[in-house]
1. Quick check on packing: order 62-71, 154-163 by the mean number of other C-beta atoms within 10 Å, highest mean leading.
2. If you restrict to DSSP beta bridges whose two residues both lie in the range 177-276, what percentage is antiparallel, to the nearest 5?
3. Taking the Cβ of each residue in VAL109, VAL126, VAL387 as the centre, tally the other Cβ atoms inside 10 Å and list the residues starting with the fewest.
4. Less than 16 Å from a label point 7 Å out along the Cα-to-Cβ axis of SER223: which backbone N atoms in the range 229-266 qualify, by residue?
5. Using per-residue counts of other Cβ atoms within 10 Å, averaged over each peptide, order 305-313, 361-369, 262-270 from highest down.
6. The range 235-375: D in µm²/s via Stokes-Einstein (Kirkwood Rh, Cα pairs, 25 °C, 0.890 mPa s)?
7. Applying the Karplus parametrisation 6.51 cos²θ - 1.76 cosθ + 1.60 with θ = phi - 60° to the phi angles of the range 101-108, what ³J(HN,Hα) value in whole Hz is obtained for each residue in order, glycine and proline being reported as x?
8. Starting from the range 224-281, pick out the trypsin sites (Lys or Arg not before Pro) whose DSSP state is loop and whose Cβ has at most 16 other Cβ atoms within 10 Å.
Amino acid sequence: MTKKYHFIAIGGAVMHNLALSMAAKGYQVTGSDDEIYEPSRTRLEKAGILPKEKGWYPDKIHSGLDGIILGMHARIDNPELQKAKELNIPVFSFPEFIYEQSQDKKRVVISGSHGKTSITSMILHVLKYHQMDFDYLVGAQIEGFDLMVKLSNAPVIIIEGDEYLTSPLDRRPKFFHYHHDILLMSGIAWDHFNVFPTFDFYKEQFEKLVDLTPESGYFIYCSEDEHVKKLGQKVKGKIDNLIPYKAHPYKINDGVTYLLIDSGEISINVFGEHNLQNLQGALEICLSLGLSKEQFYQAIQEFKGAAKRQEVLAKSENSILYRDFAHAPSKLEATVNAVKNQFPERKLIAVQELHTYSSLNKDFVHNYANTFDKADLAVIYLNPKAVSLKKLEIMDEETLRDAFQRNDLKLFTNIDQLKVFLESQDYLNTNLLLMSSGNYDDMDLSQLKTKINQNK
């Protein structure tokens, strides 16, 4: 008999991908949400599972359902959730459901404050290249993969393990629920200030995660991160397979990064010290799954990166426009440094949209000190609407200059003014880097792209 599942808050990025994956697997899927944006709307509509109307409808909840999948966006007093509880229908958070569907698989969890999506994407690319059978959960759209989630009868699942809260009913990090066999940890740098008010509390979540590793399991960790290195030393003798890693040996020549390998050197499309760490971590995971180094190197040469990670939007012989998801301090610094080190002779204009609760909070923003140092021109975009929605106080230029430790920092609070400013710049021997977990209020980039593409 076909199993029936209802999604509360079906429109979310990962939630709608899970819904599509389950519909493709043959489950009967329904859902609700109070707002569904693109591309979720079109993709759900095409699959025939877009809710007919916006809002919450308790009459969609009935005893014939095998389970409810609850999105983080739903509130605890959601009427559909209340009805499900009254009818004693099993309610799964997203990560609980992923575990429920993968209990018989080898579970690989990629964790850390930064690099999770890139490492997961690299692993998926290599496994797919060698036609291996695997399931996955990743936090971004990846070239060559239709969905961000796949659940099948594959023997292994690769999971991007997010430390953010599980659901309105469960205020613990998502990554506790996956019960990993193999754990990778890339680094720990304070994030999500709104739910982890101190760095010690934030670090503690990762410590607990490492403690969940089975004795016969794997803990693969970046030894170049001081906090993760301490966790590795702490569990020495308690876990059979303890594998530290650091950045893969490489060189840069004329703006191209080459991996230095036993048989010589190979060019790759990604760059930056942090990405060479990510690459080495992905290599260690692939080795733990039975692939050889040769197989990894063969596949990784064709890896182009995950969406919004050093994504090239426009390019000429002497100028590149990059878009990057960087938003937390460690991510911003790593991305700025990577672009500058890759093209040291070019001027770098780096723009950061402060979009998250942490970045917009004057009690947290000092954590961004010196993250912009390698940029020749440092620009901040701040949307007053985003600040008021998060019920915070808007910061002025002086506060931000002090926080970032950049006296020449430029602040824009109007997207049209920022657009005019960026379009007025000379991009001869200049790279432009746009960083945010938001979208710059859908700023039209067409003129900027044309200017950079035609730059001579």
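Rule-based calculations on the coordinates, nothing more; no lab input. Keep in mind that what you see is a predicted model, and the values were worked out from it rather than measured. Because the Cβ atoms are built from the backbone with ideal geometry, glycine has one as well, and the counts that use them run over all protein chains shown.
1. 154-163, 62-71
2. 50 percent
3. VAL387, VAL126, VAL109
4. 229-237, 241-249
5. 305-313, 361-369, 262-270
6. D = 144 µm²/s.
7. Those phi angles translate into 8, 10, 4, 8, 9, 6, 10, 10 Hz.
8. Here the sparse-neighbourhood loop sites are LYS236, LYS238, LYS246.
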